[in-house]
1. Restricting to the stretch 72-103, count the residues that are in contact with a strand residue (DSSP E or B) (Cβ under 6 Å, 6 or more places away or on another chain) and on the phi > 0 side of the Ramachandran plot.
2. What strands (runs of 3 or more DSSP E) completely inside the stretch 69-152 contain at least 3 residues that are surrounded by fewer than 20 Cβ atoms within 10 Å (Cβ to Cβ)?
3. Starting from the stretch 104-129, take each residue that is on the phi > 0 side of the Ramachandran plot and list its partners that are surrounded by 12 or more Cβ atoms within 10 Å (Cβ to Cβ) and not in a strand (DSSP E or B), counting only C-beta distances under 9 angstrom and pairs at least six apart or across chains.
Amino acid sequence: MLPPMTSIAFRRVSIVVALLALAACAKDDNSAGQVPSSSESATGSPTPTESPAATCDEPSETKIQLVAKNVHFNVKCLAVPAGEPWTVALQNKDFANHNFSIYTLEFASEFTGDITYPEERVTYKVPALEVGQYLFQCDIHPADMSGPLIVQ
């Protein structure tokens, strides 16, 4: 019998899933995999934007409608405008508890939403984020419920 997955191993699986999701959302315009030039970083310090470039086919929104069903979100990629607070209306149409959280690509927590229960609806108020790439996920099911968040 295999030992139970540790939280570090679980995070590593989440990293792989997030990177695969970012690659899947990248447009075929030769921008995927390129690192932005230093002029694109105002501070010169490592930021989420200095990862491989990704785009999201979803339009940039300040009001996100998210549905959890069959242990998956209804979207695989999110885009929001930089510098503006935004909301996520999560409808849990599932048999399990879920939440909505945001992390940098280095896994620093940016936002953690409360747990929702089956058939519950909740609206999260997310503070403004800087331009860059992030990861959104359900912290209970990160391997199945995660994707890139593009702040533009």
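What follows is calculated from the coordinates using simple rules that are stated; it is not laboratory data. Computed from a predicted structure; not experimentally measured. With ideal geometry, Cβ positions are generated from the backbone for all residues, glycine too; neighbour counts draw on all protein chains shown.
1. Matching residues across the stretch 72-103 total 0.
2. Filter on the stretch 69-152 gives 86-92, 109-112, 121-126.
3. Listed pairs, sorted by first residue: 107/11; 107/14; 107/15; 119/93; 119/94.
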